[in-house]
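Colleague: Structure below; questions to follow.
Rule-based calculations on the coordinates, nothing more; no lab input. Because the structure is predicted, anything quoted here is derived from the model rather than measured. Counting neighbours? That spans all protein chains shown, and the Cβs are built from the backbone with ideal geometry, glycine included.
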Amino acid sequence: MKARRAAFEVLGGLERGPHLETLLGRHLKDAPTRERAFATHLVFAVLRNRLYLDHLLAAFLDRPLNKLDPPVLTVLRLGAAELALGSTPDHAGVSAAVELAKASKARRGQGLVNAVLRKLARDWQEVALPDKADDPTAHLSLKYSHPVWLVDELLEEWPADFVEKWLAANQEPPPLTIRINTLKTYREDVAEMLAGSAGGIGPHRLVPDSLVLHGQRPPAAELDGFGEGLFQVQDAAAQAMSHLLGVGPGMGVLDLCAGAGGKSGHLAALLGGGAGLTCVEPSAGRVKALKANLQRLGVAGAEIIPGDALELPADFGPFERILVDAPCSALGVLGRRPDVRWRRTPDDPVRLAKLQHKLVAKAAVLLAPGGAMVYCTCTVTQTENGGVIERLLAEHPGLRLEWPRDLKGPLKRCIGQDGYWRSFPHRDKCDAFFAARLVRD
C-alpha cells in the first residue's frame, strides 16, 4: 500500500506543477529499494499509457472522465495500469485500488472505483481501438498514448510506419547512458569498474566515450565512480552535440545556455580542460548545479557567467565555437520523461520558437569569422527546429549550414537530405535531437 500511495501522491502532484524528478525524490527518498522501484514503475506505467488507460476506463464509466474528481481518476488510472498492463491478479488489483481510495482524497469514490475496475478486469481486452486505416492519428495516439496534436505533426513530416516505430520506442524504459569523463579516466576502465552494477554494459555506437547500462541497476548517483566525477549521466544524442560542434584544444568556446552543465562538462573534456570555456546561465539554481557538476568532473578554469544570454554585450565575443542548446518543448525525450506529453500544448512550440530565435540570433552576433555554432534542441517540431534556422539564415546571409569535414560513421548518417542532423529513439537508441551547424564567412 505504501508504494501505491506514493505513486498516487506523485501523480497528483504533477497536476499542480512540480517536475516528475522532484516529486519522485520527495515521496520516495526514504523508501526501501523494492518499494521505491514498484512505486516508480506504477508512476511511469500511468504516464506512458495515460490515453490508453483513459480509453479503457471510459468504456466502463457512465460519465465523462473530466467529470470525475482528480483523485478518483488517479486511483482509477493506477488500478487500470495494474490490471491491464501488469501482472497483479484481478482481485488483488481491484482490492488494492479500493483500499488506496479509502486511505486518500479519493475516499468518496471508493464505490465507483470498485465497480469500474471490476468491469475493467473482466472485459478490458474487448475494448477496441479506432481502426488504423480509417483514422491513423486516433489509432496511434491511443495505442501509444501520445497527444493527438503531436501525432498529427509527426505524420505530416514522416511516414506512418516510421512514426509508429518511433512512438513504440517511446513506450520502452530507456537504459542508462553515461559519458566517460576523459579528463579523469578511460571508457574501458569505467566499464570494468561497473561490470557488476547492471544486467549488461557496453558502448553506444553513436558516440565514442559512452557506456550504456542495461537491466537492473542502482540509481546513477549510487554507482561507483559517480562521486569521483569519472562519468556524467548523458544521453548519446546529447553527447553528440559537442562532437558536432567540432571543438579542439585552444579554442574559445561559449555554452550560451549551459543549464546544469551536462554539455559544458563535455565541451571542457574536448578542450582538454576548462580553459577557454565560457558558460552562461540565467537561473541561480542551475548555476549552483553547474558549478557543482564542473567541480565534480574536475573542470577548472571555465568562466561561469550568471545572467541572461540575451543581455550580453555585442562585443562580448567573438568565440570560435558556440553551442546554443536552446530551451525547448522537450518532445524528443518522451521515453525518459513521459510526463512532458501531458505538460505541453500545441501553443508551446510557437511560444518557445520566439525565444529560440532570439538566442540563436544573439549567438550569430558573438560568432567569430570562420567560427561555427551548433543550434540544437531535444524536440521534434518543425517550428522549433528547421523553422528557427530558416529564419536565421534569411536574416544573416553571412551564415551557412556546414558540418565538420572529418564527421563520419553513425554521426554523419544522422544528417538528412535537408542538411539537418536528427536522431530517433527507434533508429538510434537515444533521444530525438535536432541540430544545425552554422559557419560564419
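Colleague: With label points built 7 Å along Cα→Cβ from the Cα atoms of D69 and K165, find their separation and express it in nm.
Modeller: Using points 7 Å along Cα→Cβ, the separation is 4.7 nm.
Colleague: To continue, here is another question. Across 5 Å bins from the origin, how do the percents of Cα pairs in region 2-126 run, short distances first?
Modeller: 2, 12, 24, 25, 21, 10, 5, 1, 0
Colleague: If a/c stays under 1.5 just call it rounded; otherwise compare a/b with b/c (prolate if a/b is bigger, oblate if not). Do that for region 236-440, with a ≥ b ≥ c from the square roots of the Cα gyration tensor eigenvalues.
Modeller: rounded
Colleague: Another question about this same structure. Suppose every Lys and Arg Cβ carries +1 and every Asp and Glu Cβ carries -1, with no other charges. What dipole size does the chain come out with about its Cα centre, to the nearest 20 debye?
Modeller: 1040 debye
Colleague: With unit charges on the beta carbon (Lys/Arg positive, Asp/Glu negative), name the residue among V190, T177, P219 whose Cα is farthest towards the positive pole of the charge dipole of region 176-233.
Modeller: Highest projection toward the positive end goes to T177.
Colleague: Considering the dipole of the chain built from charges on the beta carbon (Lys and Arg +1, Asp and Glu -1) around the Cα centre, which of V253, P327, G13 is farthest to its positive end?
Modeller: The listed residue farthest towards the positive side: G13.
Colleague: Under 11 Å from the Cβ of D69, count the other residues' Cβ atoms, weight Lys and Arg +1, Asp and Glu -1, and hand me the total.
Modeller: Charge balance in the 11 Å sphere: +4.
Colleague: Hey, another quick one. In degrees between 0 and 90, to the nearest 10, how far off the longest principal axis of the chain does helix 110-123 point, with axes built from Cα atoms?
Modeller: Tilt relative to the chain: about 80 degrees.
Colleague: Rounded to whole Å, give me the distance from the Cα center of region 75-107 to that of region 129-148.
Modeller: One Cα centre to the other: 26 Å.
Colleague: Kindly express, to the nearest 10 degrees and within the range 0 to 90, the angle between helix 236-245's C-alpha long axis and the longest C-alpha principal axis of the chain.
Modeller: It works out to around 20 degrees.
Colleague: Oh, and also: How much length would be gained if the chain were fully extended between S283 and A92, taking 0.36 nm per residue of separation minus their Cα-Cα distance, in nm to one decimal?
Modeller: Computed gain between S283 and A92 is 64.1 nm.
Colleague: Around V340, what is the net charge, scoring Lys/Arg as +1 and Asp/Glu as -1 over all other residues with Cβ under 13 Å from its Cβ?
Modeller: Its environment carries a net charge of +3.
Colleague: If you don't mind, there's one more thing I want to ask. Mind checking the angle between helix 262-271 and the chain's longest principal axis? C-alpha axes, 0 to 90 degrees, to the nearest 10.
Modeller: 30 degrees
Colleague: In debye to the nearest 20, how big a dipole does region 236-440 give about its Cα centre with +1 on each Lys and Arg Cβ and -1 on each Asp and Glu Cβ?
Modeller: Here the size comes out at about 600 debye.
Colleague: Order of T33, T88 from fewest to most other C-beta atoms within 10 Å?
Modeller: Ranked by crowding around the Cβ, least crowded first: T33, T88.
Colleague: Taking amide H positions as placed in the peptide plane 1.01 Å from N, state which residues far from I304 in sequence (5 or more) or on other chains have amide H under 5 Å from it.
Modeller: C279
Colleague: Work from the charge dipole of the chain (Cβ charges, +1 for Lys and Arg, -1 for Asp and Glu, about the Cα centre) and give the residue of L68, G419, Y375 farthest towards its positive end.
Modeller: L68
Colleague: Report the net charge of residues surrounding L438, where surrounding means a beta-carbon distance below 9 angstrom and charges are Lys +1, Arg +1, Asp -1, Glu -1.
Modeller: Result for the neighbourhood of L438: +2.
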